[in-house]
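Below is one structure, written out as structure tokens; the observations come after it.
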Amino acid sequence: MDGAAGTALLLAAAAMVGLRGGGMLLAGTLRPDHPFIRWAAAVSQAVLAAFVVLAVIAPAGGLAGVPLPARLAALGTGLLVHTRSGGRLLPSLGAGLAALLLARAVL
Amino acid sequence: MRPGLLTALGAPAVAMGATFLAFGAAVREAGLPLPWALGASLLIYGMPGQLVLLQFAAGGNGAAAPAVLGAVAANARFLPMAVALTPWLGGGRWARFLALPFIAITPWAAAMQALPGLAPPARLPWFLGFALASWSLAGVATAAGHALMPLLDPALLAALLFANPLYFALLLAAGMGVPASRRAVVAGALAAPVGLLLPPAWTLLGAGLLGGTVAFLLGRRGEDGRG
């Protein structure tokens, strides 16, 4: 394994322990309805929502080669099936990915 | 542990399996070996940070510090996620630290939905069952992606890469009935374009901090107005 790549991996892994452990230590004495916990939960959910939006409107890597309408079609189809199926995840996921493949082939 | 493990083997397994399969393939494409791919998947265990690190490692520019800081920034959400999750884990003061390596988006999102509905003694076993299944799957899928990369066509790879965002979108949609969640999701989505104004490593964290803080403050203002 390349030395710099291996060093970066180990340092980043140690930093992840710091992030997760720091959060757990910080939360150890707080109740779930504490304002700080509620703020942290809101930030986490907002990060997740931003992650989804960025993956659709400004993706990096292999997804960047997929046309925007295909990404929107996949998201829209997945959410539509999710709503219509009473919140079933697996069919919604399958339908969304099938829509992506279909739209990518057509566009 | 069994209920959590079984939950993890449904839709989360498909989403995570697809994403880690794609990551393993990308590592192989970058010319890095399987141990590096497995180390990144199992020790970092957060795809944005993994991708930042891979970008650095593939470039081979020799300086580790920017890559580590970039990965930390990309995965900095682990801190607020751990803060939010820990009170729900139950268990003893130290037993709950068994959950530490597994705090990542998929187990966190599933746990935040499931744990409040479980009796406190059942919460940590549920999380560990879910987390161990997801984590093991991540390792297996990474190895498979690394091995199968030469056989994957670009369309399939793109679909695999989209599985994770789509899965998270579905999880978020499931929580939209709760006002606090709805506020956070909408504010985070609206803040995403603002995050694009920041350096790439800070885009996600910046958008989340902005959107989450606005959502939290709006919720507090609503409570004050009623109170």
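Restricting A:77, A:83 to those that are closer than 21 Å to residue B:157 by Cα and either of a type in the set (Ser, Thr, Tyr) or in contact with a Lys or Arg (Cβ under 8 Å, 6 or more places away or on another chain) (or both) reduces the list to A:77.
If you go through segment B:201-227 one residue at a time, how many are more than 14 Å from residue A:47 (Cα to Cα) and not acidic (Asp, Glu)? Spell out how you get there, then give the answer.
So in segment B:201-227, the residues more than 14 Å from residue A:47 (Cα to Cα) come out as B:217-227.
Keeping just the survivors that are not acidic (Asp, Glu) gives B:217-222, B:225-227.
Of the residues in that region, 9 qualify.
Among the residues of segment B:16-42, those identified as free of Cβ contacts under 8 Å to residues at least 12 places away in the same chain and in a helix (DSSP H, G or I) are B:35, B:39.
Residue B:109 meets the conditions (1) at the interface with chain A (Cβ under 9 Å from one of its Cβ atoms); (2) touching a Pro at 6+ places or on another chain (Cβ under 8 Å) in every case but one. The failed one is (2).
Of all residues in segment B:166-193, those that are free of Cβ contacts under 8 Å to residues at least 12 places away in the same chain and at the interface with another protein chain (Cβ under 7 Å from one of its Cβ atoms) have Cβ atoms under 7 Å from Cβ atoms of residues that are crowded, with 18+ Cβ neighbours inside 10 Å and assigned to a helix (DSSP H, G or I), 6 or more apart or on another chain, in B:169/A:52; B:169/A:75; B:169/A:78; B:169/A:79; B:173/A:79; B:173/A:82; B:181/A:45.
Has segment B:7-15 got any residue that is free of Cβ contacts under 8 Å to residues at least 12 places away in the same chain, not aliphatic (A, V, I, L, M) and not in a helix (DSSP H, G or I)?
yes
Results for (1) over 24 Å from residue A:42 (Cα atoms); (2) polar (S, T, N, Q); (3) modelled with pLDDT under 80; (4) not assigned by TED's automatic domain parsing to the domain that holds residue B:196, shown as yes or no for each residue.
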| position | (1), (2), (3), (4) |
| --- | --- |
| B:40 | yes, no, no, yes |
| B:48 | no, no, yes, yes |
| B:55 | yes, yes, yes, yes |
| B:70 | no, no, yes, yes |
| B:89 | no, no, no, yes |
| B:98 | yes, no, no, yes |
| B:101 | no, no, no, yes |
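One residue alone among B:100, B:53, B:43 is within 9 Å of chain A (Cβ to nearest Cβ), more than 21 Å from residue B:181 (Cα to Cα) and in contact with a Pro (Cβ under 9 Å, 6 or more places away or on another chain), and that residue is B:43.
Would you point out which residue out of B:156, B:132, B:128 is without any contact (Cβ under 8 Å) to a residue 24 or more places away in the chain, of a type outside the set (Asp, Glu) and in the same structural domain as residue B:108 (by TED's automatic domain parsing)? Answer to the check: B:156. For beta carbons closer than 7 Å, sequence separation of 6+ or different chains, a first residue in segment B:63-79 that is at the interface with chain A (Cβ under 7 Å from one of its Cβ atoms) and a second that is among the hydroxyl-bearing types (Ser, Thr, Tyr) and buried (at least 24 other Cβ atoms within 10 Å of the Cβ), the qualifying pairs are B:77/A:44.
For every residue, the table says whether it meets (1) more than 7 Å from chain B (Cβ to nearest Cβ); (2) surrounded by 15 or more Cβ atoms within 10 Å (Cβ to Cβ); (3) more than 19 Å from residue B:23 (Cα to Cα); (4) under 21 Å from the mean Cα position of the chain (by Cα).
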| site | (1), (2), (3), (4) |
| --- | --- |
| A:4 | no, yes, yes, no |
| A:10 | yes, no, no, no |
| A:13 | no, yes, no, yes |
| A:40 | no, yes, yes, yes |
| A:44 | no, yes, yes, yes |
| A:62 | no, yes, no, yes |
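Only one entry of B:58, B:65, B:110 meets the criterion of being surrounded by fewer than 24 Cβ atoms within 10 Å (Cβ to Cβ) and either under 17 Å from residue B:133 (Cβ atoms) or touching a Cys at 6+ places or on another chain (Cβ under 9 Å) (or both), and that entry is B:110.
Taken together, B:219, B:139 contain a single residue that is surrounded by fewer than 21 Cβ atoms within 10 Å (Cβ to Cβ), under 16 Å from residue B:46 (Cα atoms) and out of contact with any Asp or Glu (no Cβ under 9 Å at 6 or more places or on another chain), which is B:139.
Taking (1) crowded, with 21+ Cβ neighbours inside 10 Å; (2) modelled with pLDDT of 80 or more; (3) polar (S, T, N, Q) in turn, residue A:83 satisfies each apart from (1).
The values are calculated or read from the model by the stated rules, or taken from the named source; none is laboratory data. Here the structure is a predicted model, which means the values were calculated and not measured. Counting neighbours? That spans all protein chains shown, and the Cβs are built from the backbone with ideal geometry, glycine included.
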